[in-house]
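Everything below concerns the one structure shown next.
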Amino acid sequence: MTSLVRHVTFDCADAHKLASFWAEALGGTLSDDDFPGDPEALVSADGIGLLFVTVAEPKSVKNRVHLDLQPQDRTRDEEADRLVALGATLVADHRRPDGTGWLLLADIEGNEFCVERSADERARTEK
């Protein structure tokens, strides 16, 4: 028998606040029994569960694991703009003149993640 990944877990300063950001970012839902001040918060979104756990230590180094997001109903750039409006920050721009590449963003607690091209954008540049 093999194991399955049940959640991707983030240590963070404020579980509910960070989970709320990611629920909005992914179009997911925050668990009904998670409230501000709780030490844990769970986000369920299509294909993934993200668990946020409040810890005392602040983030101090670059992520060793990160999420790569692929927009489903908008372009890479439109999705990055939407996420920045939610509170994310642009860390690095890895877009290329031919339209390929990605954007590196950080969530509201500094956890890095990438925004890649949508499937439609990939199909247009692969022709």
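The values are calculated or read from the model by the stated rules, or taken from the named source; none is laboratory data. It should be emphasised that the depicted structure is a prediction, and the values quoted were computed from it without experimental measurement. So basically every Cβ, Gly included, is an ideal-geometry build from the backbone, and we count neighbours across all protein chains shown. Just the protein is used for accessible areas: all its heavy atoms, side chains included, with ligands, DNA and RNA removed. Shrake-Rupley method; radii C 1.70, N 1.55, O 1.52, S 1.80 Å.
From the list Gly47, Gly27, the one residue that fits, being of a type in the set (Gly, Ala, Ser), within 15 Å of Leu86 (Cβ to Cβ) and out of contact with any His (no Cβ under 8 Å at 6 or more places or on another chain), is Gly27.
The number of residues in the stretch 95-107 that are open to solvent by less than 50 Å² (accessible area, probe 1.4 Å) and at negative phi comes to 6. Scan Ala85, Ala92, Ala119 and give me the residue that is open to solvent by 50 Å² or more (accessible area, probe 1.4 Å), among the hydrophobic types (A, V, I, L, M, F, W, C) and modelled with pLDDT of 95 or more. Residue meeting the stated conditions: Ala85.
This table checks each residue for (1) farther than 20 Å from Ala23 by Cα; (2) in contact with an Asp or Glu (Cβ under 6 Å, 6 or more places away or on another chain); (3) charged (D, E, K, R).
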{"residue": "Pro39", "(1), (2), (3)": "no, no, no"}
{"residue": "Ser44", "(1), (2), (3)": "no, no, no"}
{"residue": "Lys62", "(1), (2), (3)": "yes, no, yes"}
{"residue": "Pro97", "(1), (2), (3)": "yes, no, no"}
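Among the conditions (1) part of a loop (DSSP other than H, G, I, E, B); (2) open to solvent by 60 Å² or more (accessible area, probe 1.4 Å), Gly110 misses just one, which is (2).
Being of a type in the set (Phe, Trp, Tyr), within 28 Å of Leu4 (Cα to Cα) and loosely packed, with under 12 Cβ neighbours inside 10 Å is the requirement here; does Phe35 meet it? Here the answer is yes, as Phe35 does meet what is asked.
Please tell me if Ala25 is part of a helix (DSSP H, G or I), open to solvent by 50 Å² or more (accessible area, probe 1.4 Å) and out of contact with any strand residue (DSSP E or B) (no Cβ under 6 Å at 6 or more places or on another chain).
no
Selection of the stretch 1-22 for residues being exposed (fewer than 13 other Cβ atoms within 10 Å of the Cβ) and either assigned to a helix (DSSP H, G or I) or small (Gly, Ala, Ser) (or both) yields only Ser3. Residues that are modelled with pLDDT of 95 or more, open to solvent by 50 Å² or more (accessible area, probe 1.4 Å) and over 17 Å from Ile108 (Cα atoms) within the stretch 38-71 comprise Pro39, Ser44, Gln70, listed in sequence order.
Could you say which residue among Ala56, Ala80, Ala45, Ala85 is over 14 Å from the mean Cα position of the chain (by Cα) and of a type in the set (Gly, Ala, Ser)?
Ala56
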